[in-house]
1. So is B:L85 more than 13 Å from chain A (Cβ to nearest Cβ) and surrounded by 18 or more Cβ atoms within 10 Å (Cβ to Cβ) or not?
2. Within the set of pairs 6+ apart or on separate chains, which have a first residue in segment A:1-26 that is without any contact (Cβ under 8 Å) to a residue 40 or more places away in the chain, a second that is in a helix (DSSP H, G or I) and of a type in the set (D, E, K, R), and C-beta atoms under 9 Å apart?
3. When you scan segment B:7-43, how many residues do you find that are open to solvent by 20 Å² or more (accessible area, probe 1.4 Å), of a type outside the set (A, V, I, L, M, F, W, C) and within 17 Å of A:A40 (Cβ to Cβ)?
4. On the given criteria, is B:A168 within 17 Å of B:M46 (Cβ to Cβ), assigned to a loop (DSSP other than H, G, I, E, B), at pLDDT below 95 and not hydroxyl-bearing (S, T, Y)?
5. Just to be sure, is B:G66 modelled with pLDDT under 95, under 23 Å from A:F74 (Cβ atoms), surrounded by fewer than 21 Cβ atoms within 10 Å (Cβ to Cβ) and of a type in the set (G, A, S)?
6. Quick check on segment A:11-38: of everything there that is over 17 Å from A:A72 (Cβ atoms) and modelled with pLDDT under 85, which residue is farthest from the other protein chains (Cβ to nearest Cβ)?
7. Among the residues that make up segment A:44-58, is at least one of them within 13 Å of another protein chain (Cβ to nearest Cβ), β-branched (V, I, T) and crowded, with 23+ Cβ neighbours inside 10 Å?
Amino acid sequence: MSSAKAALEADTRTLAYEAGRRHGVRINAISAGPWASRAASAIGFIDMMIEYCKTNSPLPRELDAKEVGATAAFLASPLAGAITGYGGVRGQRLSLDGDGGGRRRRKQGSGSEKHRNSLPRRRGTRGSTRTNVVISVVGLSTSGHTPSQHHFPR
Amino acid sequence: MLKIDLTGKRAFVAGVADDGGFGFAIAKAMAEAGATICLGTWPPAMGIFQNLLERGKIEESLKLEGGGKLEFERIYPLDAAYDTLADAPAEIRENKRYKERGDFSIQGTADALVKDFGPTPIDILVHSLANGPEVKKPLIETSRAGLPHRGERQRVQHGFHGADLCTAHEARGIVPRR
């Protein structure tokens, strides 16, 4: 269901905007790549996806769950206080598109500007001592150049 | 030295039922950074997970870098397919793996967090749930019910304070091992 992951990436950007304006909450997603968790085994071809990514991704090696953990800890920490709407960590996954931040900036001044500004802005967000972060983890394939089961006929 | 410091923060990690997934690795890394960890676990997998913990079967995985052991402050039953308990069909509510778990819905979990920790119980919410009901199918064969992002966006409210948004797009629980 790579389309679900694509929707998640879009949602990450939208939620980052909405939750940021309303609550000062940061929203980020980690799009790590395929991982043979118990849940992932349900799709039936996870091993092939892992092998595919190992061969074809920007960093063609095994993903380590620790790296995902470290990324999450960083994103949740004050060090990442200015990072929101970020769609992924792309060591393993294969999508070649840009990240949420870049796209958002390019969109400024477009037709969506008016809507964006119409959302109420939360006061006192800066310097908030609470972290308030939502991280969504995408394990399997995402949009773009990712394998789906069409690549892996059973 | 620049340090990731989550001291004093409480993270709620949804989607941990063993030591093998991303959720577990994230919980562990956040604990190593000083955060307190609560989990949301799919009710059918909860007994197995608690067993693993109690019988010391994942002791090795629980070891934190720099000493100490990963401890979970609370483990909540959570089936993110249901906004409220009333949304769960009778056969789920009566199922033996759900029945004794109390309110396992998103709202139920949020309420439990508020009850346990006050009106702003968590600082960090991690959604690491997996799998929709028709996850094996290509999109072209997926029914409306299996479209995770259309009708089934779920929201976590109240209990998660500011962090009140949780896309449970693919969150239909953990499927048993092959």
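1. no
2. The qualifying pairs do not exist here.
3. So the count comes out to 3.
4. In short, no.
5. When the stated conditions are applied, B:G66 passes them.
6. Filtering segment A:11-38 for residues that are over 17 Å from A:A72 (Cβ atoms) and modelled with pLDDT under 85, the one farthest from the other protein chains (Cβ to nearest Cβ) comes out as A:P34.
7. no
The values are calculated or read from the model by the stated rules, or taken from the named source; none is laboratory data. These numbers come from a predicted model, not from an experiment. Cβ sites come from the backbone with ideal geometry, for glycine too, and all protein chains shown count toward neighbours. These area figures cover heavy atoms from the full protein model, side chains too; ligands, DNA and RNA do not enter into them. Shrake-Rupley method; radii C 1.70, N 1.55, O 1.52, S 1.80 Å.
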